[in-house]
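Derivation of every value follows stated rules applied to the coordinates shown; laboratory data play no part. Computed from a prediction, not measured in an experiment: that's the story for all the values here. Neighbour counts are summed over all protein chains in view; Cβ atoms, including those assigned to glycine, are modelled from backbone coordinates with ideal geometry.
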């Protein structure tokens, strides 16, 4: 498995690149990454926030007030607040998830790391995360920055995405493959 260039292109890539440069120049790479991780977690946990971010129905001013309140309550730094405010002002809030992924990829590349997204049925323990990071380091030759998501529908196993490569060992996929094979036989 090779580490692919994980730079995001298009509008999300341009925004992510601008944020990365500002954070690097201000020596705030970790603080911005932490704030963006908090925002991602909030969006994953709140259907209302997810709807606010992705729905074109909300007026720009309503989105700005709401997202500003969320960021203030979360204690986000000034740079992230200004960035998300600009994204909202420019009506690009729907692309914030891709912008955050792009920022993470740029930070990882800056540090010589590879970003790996891991989806599991349950939260992974610290020991499991470390073991997976060690395996990925052996395979890729670079440290892996792991971001985890939980999808109970997987039933078990993992889906690991590194760049454009994906390894799916989930029980759900194995059951789907078995179902397809059984249909072909019968």
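Measure of size requested: the Rg and Dmax of region 112-185, with Cα atoms as the atom set and Å as the unit; please supply both.
So, for region 112-185, Rg and Dmax equal 14.0, 48 Å respectively.
Using Cα springs under 10 Å in a Gaussian network model of the chain, which residue among 135, 118, 107 shows the largest mean-square fluctuation?
Fluctuation is largest for 135.
Give the residues of region 153-186 whose amide nitrogen is closer than 20 Å to a point set 7 Å from the Cα of residue 44 in the direction of its Cβ.
The answer is 153-173, whose backbone nitrogens lie closer than 20 Å to the label point.
Working out 0.36 nm times the residue gap between residue 139 and residue 123, then minus their Cα-Cα distance, what length gain in nm do you get to one decimal?
Numbers: separation 16, 0.36 × 16 = 5.76 nm, distance 2.31 nm.
Extra length available between residue 139 and residue 123 comes to 3.4 nm.
Neighbouring Cβ atoms within 10 Å as the yardstick, rank 35, 151, 27 fewest first.
Ordered by Cβ neighbours within 10 Å, fewest first: 27, 151, 35.
Using a Gaussian network model on the chain with a 10 Å cutoff between Cα atoms, which of 57, 32, 80 fluctuates the most?
Residue with maximal mean-square fluctuation among 57, 32, 80: 57.
Counting DSSP beta bridges in region 112-185, what percent are antiparallel, to the nearest 5? Kindly include the intermediate steps, with their values, before the conclusion.
On the way: 9 of 17 bridges.
Here the antiparallel bridges make up roughly 55 percent for region 112-185.
Please state the shape class of region 43-186: rounded when a/c is under 1.5, otherwise prolate if a/b exceeds b/c and oblate if not, all from the C-alpha gyration tensor.
In terms of gyration-tensor shape, oblate.
Counting only DSSP beta bridges with both residues in region 49-186, what percent are antiparallel, rounded to the nearest 5? Provide the component values of the computation, followed by the final result.
Working: 9 of 17 bridges.
Antiparallel: roughly 55 percent of the beta bridges in region 49-186.
For the pair residue 62/residue 147, report the inter-label distance in nm, with labels modelled 7 Å from Cα in the Cβ direction.
Between residue 62 and residue 147, the label points sit 2.8 nm apart.
Using Cβ contacts closer than 10 Å as the measure, can you line up 146, 167, 180 from fewest to most?
On the way: 146 19, 167 15, 180 9.
Sorted ascending by nearby Cβ count, the order is 180, 167, 146.
Hey, what angle do you get for helix 78-89 against the long axis of the chain, alpha-carbon based, 0 to 90 degrees rounded to 10?
Approximately 90 degrees, to the nearest 10.
What is the distance, in nm, between label points placed 7 Å from the Cα along the Cα-to-Cβ direction at residue 171 and at residue 79?
That separation, rounded to one decimal, is 4.3 nm.
How much length is gained if the chain between residue 92 and residue 182 is pulled fully straight, taking 0.36 nm per residue apart and subtracting their Cα-Cα distance, in nm to one decimal?
Here the segment from residue 92 to residue 182 would lengthen by 27.9 nm.
Could you line up 100, 159 from fewest to most neighbouring Cβ atoms inside 10 Å?
Placing the least packed residue first, the sequence is 159, 100.
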